[in-house]
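The values are calculated or read from the model by the stated rules, or taken from the named source; none is laboratory data. Bear in mind the structure is a predicted one, so any value in this text is a computation, not a measurement. Because the Cβ atoms are built from the backbone with ideal geometry, glycine has one as well, and the counts that use them run over all protein chains shown.
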Number of protein chains: 2
Amino acid sequence: MTDTVRLPLDQARALTVEALSRAGLSPEHCAALADTVMAGQIDECHSHGLYRVLGCVRSIREGKVNATAVPEVVDQAPGIVRVDARHGFSPLAFRLGLPLLQEKARTQGVAALAINNCFHFSALWPEVERIAAAGLAALAMTPSHSWVAPAGGTKPVFGTNPIAFSWPRPGPFPFVFDFATSAAARGEIELHRRAGKPIPEGWAIDGDGAPTTDAQAAMAGAMLTFGGHKGSALAAMVELMAGPLIGDLTSRESQIFDAGLGAAPCHGELLLAFDPDLLSGGRAAENAERAEAMFDAILGQGARLPSQRRYAARQRSEATGSVDIPKPLHDDLLALLA
Amino acid sequence: MTDTVRLPLDQARALTVEALSRAGLSPEHCAALADTVMAGQIDECHSHGLYRVLGCVRSIREGKVNATAVPEVVDQAPGIVRVDARHGFSPLAFRLGLPLLQEKARTQGVAALAINNCFHFSALWPEVERIAAAGLAALAMTPSHSWVAPAGGTKPVFGTNPIAFSWPRPGPFPFVFDFATSAAARGEIELHRRAGKPIPEGWAIDGDGAPTTDAQAAMAGAMLTFGGHKGSALAAMVELMAGPLIGDLTSRESQIFDAGLGAAPCHGELLLAFDPDLLSGGRAAENAERAEAMFDAILGQGARLPSQRRYAARQRSEATGSVDIPKPLHDDLLALLA
């Protein structure tokens, strides 16, 4: 059992901001990144919590990330906001593009936010949750690095290519899912490798294209998509929609751009926002009840909605006003301030 | 081996139109439906080919389908076309809404076509393929009847809820996928039942929620989604996006509306169209090459793209100028003309 350190929320956030700031990140980026990693930590998604600060600092030091980039928001078309992140991190780009995305969705019915040239390290759910908080449904996707083989193939082409969706609900917790189209997250395989444990079947193939449960062989081979050819088709869709469709890199191109540094992937992200009122001809309230009836039918039989675990963790963190992080992580973060 | 009957394309289409016309379907609906079932037949998707004419005629005779419905096209918002199908079949509604959807996508960047109150029996790929033929990317989804249990549950909530996507490519064959979010199609389970064969594990659970390979028990129990909780999340998204979001029925509501008749599901459909030129800031040609490089990386390792089998079948059908259908189906169709 690793020792943990309990940090009050404001102290955890201040530590995050300070560590990022010392690495040279601009105040605007520090604030946006801190919100994102705190959202992960409060929900006890440790891999998307304060742990990510270490990776962000490493990416800044490697020199590819523009730590003071000022994202440029472009009103590209009646239904499109484009944000050129100028090789900075994505959270600030998202934050700056969000108001115009919301405005467009409310007047057009559907609108797209295309973020280009951004270093992406975060989960998508904090973003789609923000859009749901504005009463809009949202769909988001982004490629990553080419680690995942297409169905029937043996060589990596796709990234782990997450898809996230949100639907506004009464109360503070929207319906939200956010999952990789790969069978497992790359980090999970890495954790198995470090622990010297075999990975489950179906996660990966080795360099020769043979199924493997060896984490080391999997990292050197290729990951597999979830759900066979269907997951593979979705992974291809994410590549196309959040890559060529918006004038940005595929996971293969992003991997090449990385040039072996192992930094956060640099590429694009596509977010779509939908106005339930315009799309339903003004019957949003009645239709929200329809959706609630479906959620009741799921919950009423003892099944869970996606994100329920995260929301329960959030309520715990908010009740105590604190988060717990492993002591070694806390030490690493403090070392960044030295 | 069932005997087959080879029909020239024009004769197969004429037989379809005549059978539907005799059942009372208006000429406009006959033409749209004939195009749809011929597209299925030419691609050797037999379950979406001329076989569907029998089901359409049955649905008309059951009296729920409005056989002479004139769909109403509404310019709902700058980014939204709504078509009220007025309880007619969906292909004519799609056909009438398509021009405005394309126009909006080209001027707004992204646009939605919401079809309401339509009886849906066809695959989604003929529709997204039509949108791709106009140089646009497309995403389509529709609920069905509540046959599918959510992950972790035992009772049906979702439909088989297909998702289809298209990406325009040079030449006649776009990148297209179209799959059910259920592990298998309902028709596949029905075919196993008729043949007295067990179904694969993972397709369904029985009325008590236990895994089953018995097709009869599966039909009385619940189907499962593909890909576990991820497929289940996608199925929920389809319900929300093509149901409450556009002011239409969920699969549970559609099942209730059907009132045990077993007709085609009546509900909504959502199609999104994306303009690669506007979304990429005028760099569509360069980005199309990026996409082609990814397809090359898939095909170059011996993996297939979705729809390749259909396209090969289409080339065969076009080369012979004919389709082959089972003799019993031909007999059934001829009987509709008597």
Cβ pairs under 7 Å, 6+ apart, first in the stretch A:177-197 and over 29 Å from B:ALA236 (Cβ atoms), second at pLDDT 90 or above and among the polar types (S, T, N, Q): A:ARG193/A:GLN216
Name every residue in the stretch B:1-55 that is touching a helix residue (DSSP H, G or I) at 6+ places or on another chain (Cβ under 7 Å), more than 26 Å from B:VAL176 (Cα to Cα) and in a loop (DSSP other than H, G, I, E, B), in order of residue number. B:THR2, B:ASP3, B:ALA23, B:GLY24, B:LEU25
Does at least one position in the stretch A:63-73 carry a residue that is surrounded by fewer than 18 Cβ atoms within 10 Å (Cβ to Cβ), in contact (Cβ under 8 Å) with a residue 60 or more places away in the chain and among the acidic types (Asp, Glu)? no
Restricting to the stretch B:98-115, name every residue that is surrounded by fewer than 24 Cβ atoms within 10 Å (Cβ to Cβ) and not charged (D, E, K, R). B:LEU98, B:PRO99, B:LEU100, B:GLN102, B:THR107
Please count how many residues of the stretch A:207-244 are assigned to a loop (DSSP other than H, G, I, E, B) and either at the interface with another protein chain (Cβ under 8 Å from one of its Cβ atoms) or closer than 20 Å to A:GLU269 by Cα (or both). 4
Please go through the stretch B:294-315 and pick out each residue that is over 30 Å from B:ILE60 (Cβ atoms), surrounded by 16 or more Cβ atoms within 10 Å (Cβ to Cβ) and not aromatic (Phe, Trp, Tyr). B:MET294, B:ALA297, B:ILE298, B:GLN301, B:ALA303, B:LEU305, B:PRO306, B:SER307
Can you run down the residue pairs with Cβ atoms below 6 Å, 6 or more apart or on separate chains, where the first is in the stretch A:325-338 and assigned by TED's automatic domain parsing to the domain that holds A:SER47 and the partner is assigned to a strand (DSSP E or B)? A:ILE325/A:VAL5; A:PRO326/A:THR4; A:LYS327/A:VAL5; A:HIS330/A:VAL5
Across the stretch A:316-331, which residue is surrounded by the most Cβ atoms within 10 Å (Cβ to Cβ) among those that are within 23 Å of the chain's Cα centre (by Cα) and among the acidic types (Asp, Glu)? A:ASP324
Residues satisfying the stated conditions in the stretch B:287-338, i.e. away from chain A (no Cβ under 13 Å) and assigned to a loop (DSSP other than H, G, I, E, B): B:GLY321, B:LEU336, B:LEU337, B:ALA338
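Collect the residues in the stretch A:154-171 that are without any contact (Cβ under 8 Å) to a residue 40 or more places away in the chain and more than 14 Å from A:PRO306 (Cα to Cα), keeping them in residue-number order. I'd like the intermediate steps shown before the answer.
Step one: list which residues in the stretch A:154-171 are without any contact (Cβ under 8 Å) to a residue 40 or more places away in the chain, which gives A:165, A:171.
Passing the criteria: only A:GLY171.
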Answer yes or no as to whether B:ALA291 is of a type in the set (Gly, Ala, Ser) and not assigned by TED's automatic domain parsing to the domain that holds B:ALA164. yes
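Hey, among A:ALA85, A:ALA93, which residue is crowded, with 24+ Cβ neighbours inside 10 Å, in a helix (DSSP H, G or I) and in contact with a Cys (Cβ under 8 Å, 6 or more places away or on another chain)?
Values: A:ALA85 fails: in a helix (DSSP H, G or I).
Just a single option satisfies the conditions, and that option is A:ALA93.
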Filtered residue count, the stretch A:245-260, keeping only those that are buried (at least 22 other Cβ atoms within 10 Å of the Cβ), part of a helix (DSSP H, G or I) and polar (S, T, N, Q): 2
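Across the stretch B:262-286, what is the number of residues that are under 30 Å from B:GLU190 (Cβ atoms) and either at the interface with another protein chain (Cβ under 8 Å from one of its Cβ atoms) or touching a residue at least 40 places away in the same chain (Cβ under 8 Å) (or both)? Lay out the reasoning, then the answer.
From the stretch B:262-286, those under 30 Å from B:GLU190 (Cβ atoms) are B:262-271; that's our starting set.
Then drop every residue that is not either at the interface with another protein chain (Cβ under 8 Å from one of its Cβ atoms) or touching a residue at least 40 places away in the same chain (Cβ under 8 Å) (or both), which leaves B:263-271.
Going through the stretch B:262-286 one residue at a time, the tally reaches 9.
How many of the residues making up the stretch B:147-161 are surrounded by fewer than 24 Cβ atoms within 10 Å (Cβ to Cβ) and in contact with a strand residue (DSSP E or B) (Cβ under 7 Å, 6 or more places away or on another chain)?
So the first thing to find is which residues in the stretch B:147-161 are surrounded by fewer than 24 Cβ atoms within 10 Å (Cβ to Cβ), and the list is B:147, B:151-156.
Checking the rest, the ones that are also in contact with a strand residue (DSSP E or B) (Cβ under 7 Å, 6 or more places away or on another chain) come to B:147, B:151, B:154-156.
Residues in the stretch B:147-161 being surrounded by fewer than 24 Cβ atoms within 10 Å (Cβ to Cβ) and in contact with a strand residue (DSSP E or B) (Cβ under 7 Å, 6 or more places away or on another chain): 5 in total.
Somewhere in the stretch A:84-98, is a residue among the charged types (D, E, K, R), under 22 Å from B:GLY79 (Cβ atoms) and more than 8 Å from chain B (Cβ to nearest Cβ)?
From the stretch A:84-98, those among the charged types (D, E, K, R) are A:84, A:86, A:95; that's our starting set.
Filter again for under 22 Å from B:GLY79 (Cβ atoms), leaving none.
Checking the stretch A:84-98: not a single residue is among the charged types (D, E, K, R), under 22 Å from B:GLY79 (Cβ atoms) and more than 8 Å from chain B (Cβ to nearest Cβ).
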Near pairs, Cβ below 6 angstrom, 6+ apart or cross-chain, from the stretch B:217-230 (surrounded by fewer than 17 Cβ atoms within 10 Å (Cβ to Cβ)) to any residue that is modelled with pLDDT under 95: B:ALA220/B:GLY207
Just checking, which of A:GLU190, A:GLU239 is closer than 20 Å to A:PHE89 by Cα and among the acidic types (Asp, Glu)? A:GLU239
Among the candidates B:ALA105, B:ALA69, single out the residue that is over 26 Å from B:GLU318 (Cβ atoms) and in a helix (DSSP H, G or I). B:ALA105
